[in-house]
1. Considering each residue of the range 142-160, count those that are within 18 Å of residue 127 (Cβ to Cβ) and part of a strand (DSSP E or B), and give that number.
2. Exactly one of (1) within 30 Å of residue 54 (Cα to Cα); (2) modelled with pLDDT of 85 or more is unmet by residue 119. Its number?
3. Tell me, which helices (runs of 4 or more DSSP H) wholly within the range 24-128 include 2 or more residues that are touching a helix residue (DSSP H, G or I) at 6+ places or on another chain (Cβ under 6 Å) and farther than 30 Å from residue 158 by Cβ?
């Protein structure tokens, strides 16, 4: 069976020189004639179009991961001019890690803001004599970017970090039941 349309013309990329483009077209046409598979060109054209029309890099990587493990970078660049080695390698890694063409849901990072009263309440608890003991000697100097120096007395914590948190939550529960702790 002879393929009548072996002369594939990839999308023209002005950054690629005409000589290199001719070499790529010749290499692709030789490959296609050797394979004698007319479906290959249609499939790759469809993937190339989907890749080009994708809205985000994540979608492009997922689309590219369908064929990246099975096809070389040079052959892929014939169908997708401008495809970099980094993106091709990222698509192969995606296929290995998550599977061919699989969509990966991104878990959003939640930033929780605290009320100034909650922070002040916690700081008051932390610097209370129940948690920290001031030493009578030595003090630390904090130099701010504005040039101001703050002298802070040296302290010793009376409890470990986990115990401090447990004590703070119990303190809030017993002393101020209507207050929401950090």
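The values are calculated or read from the model by the stated rules, or taken from the named source; none is laboratory data. Just so it is clear, the structure is predicted and the values come from calculations on it, not from any experiment. As a convention, Cβ positions derive from the backbone with ideal geometry for all residues, glycine included, and neighbour counts pool all protein chains shown.
1. If we filter the range 142-160 for residues that are within 18 Å of residue 127 (Cβ to Cβ), which is where we start, we get 142, 150-160.
Checking the rest, the ones that are also part of a strand (DSSP E or B) come to 142, 150-157.
Within the range 142-160, residues that are within 18 Å of residue 127 (Cβ to Cβ) and part of a strand (DSSP E or B) number 9.
2. (1)
3. Details: elements: 38-53, 57-64, 73-79, 85-98, 116-126.
Counting at least 2 such residues, we get 38-53, 57-64, 73-79, 85-98.
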